[in-house]
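In what follows, a structure is listed as structure tokens, so that the remarks can point back to it.
Taken together, the values in this text are just the output of simple stated rules run on the coordinates, not laboratory data. Because the structure is predicted, anything quoted here is derived from the model rather than measured. Every residue, glycine as well, gets a Cβ built from its backbone with ideal geometry; the counts of neighbours run over all protein chains shown.
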Amino acid sequence: MTLPEHPQARIEDLQRALEQARSDLTAFRTQVRSRIIQAHKDGDICLTGMNGGLRDLDLPEYVPGWNGTVTLTVEVCVTGTENEDTARQWAQEALVVSSHDSDVSVDDIDRDTHGFEEADEVDR
């Protein structure tokens, strides 16, 4: 790299070069991690060995996971209103979905109500 004569211009050139080197290193580390993970997925490296290698390279460990959709059907009885729309709204707002298992996270909830019909008098 040829540096300009003016000190401020030299500093700016060195700062750009440093940022480029950091960016290149980050991209290289990302590529190395991706290739190691792919080798694991291809069956060439076990999970324990792979994560040990990632730790040795000071890269984040691979945590396998699964994304999916779970459908829950919950029967509810809403009292305190004679309006169906209000009953639907209250039911949607009252139900909370969460996980008490650290290996299961609830990321997105789509709340919809179906089949509301007037109930006979409800015993309290």
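Considering only the range 24-72, state which residues are assigned to a helix (DSSP H, G or I) and of a type in the set (S, T, N, Q). Step through it out loud before you land on a result.
Keep residues of the range 24-72 that are assigned to a helix (DSSP H, G or I), which gives 24-41, 47-56.
Across the range 24-72, the qualifying residues are Thr26, Thr30, Gln31, Ser34, Gln38, Thr48, Asn51.
When the residues of the range 1-55 are filtered to those that are surrounded by fewer than 10 Cβ atoms within 10 Å (Cβ to Cβ) and among the hydroxyl-bearing types (Ser, Thr, Tyr), which remaining residue is farthest from the chain's Cα centre (by Cα)?
Per the stated criteria, the residue is Thr2.
Taking the condition of being acidic (Asp, Glu) and assigned to a helix (DSSP H, G or I), how many residues in the range 93-108 meet it?
Residues of the range 93-108 acidic (Asp, Glu): 93, 101, 103, 107-108.
After this cut, where a residue has to be assigned to a helix (DSSP H, G or I) as well, the list is 93.
Count: 1.
Hey, among Ala21, Ala87, which residue is in a helix (DSSP H, G or I), small (Gly, Ala, Ser) and closer than 30 Å to Thr113 by Cβ?
Step by step, each of Ala21, Ala87 is checked, and only Ala87 is in a helix (DSSP H, G or I), small (Gly, Ala, Ser) and closer than 30 Å to Thr113 by Cβ.
Please determine, by comparing only the residues of the range 56-72 that are surrounded by 10 or more Cβ atoms within 10 Å (Cβ to Cβ) and touching a Leu at 6+ places or on another chain (Cβ under 8 Å), which one is nearest to Thr113 (Cα to Cα).
The selected residue is Tyr62.
Which numbered condition in (1) in a loop (DSSP other than H, G, I, E, B); (2) surrounded by 10 or more Cβ atoms within 10 Å (Cβ to Cβ) is the only one that Glu75 fails?
(2)
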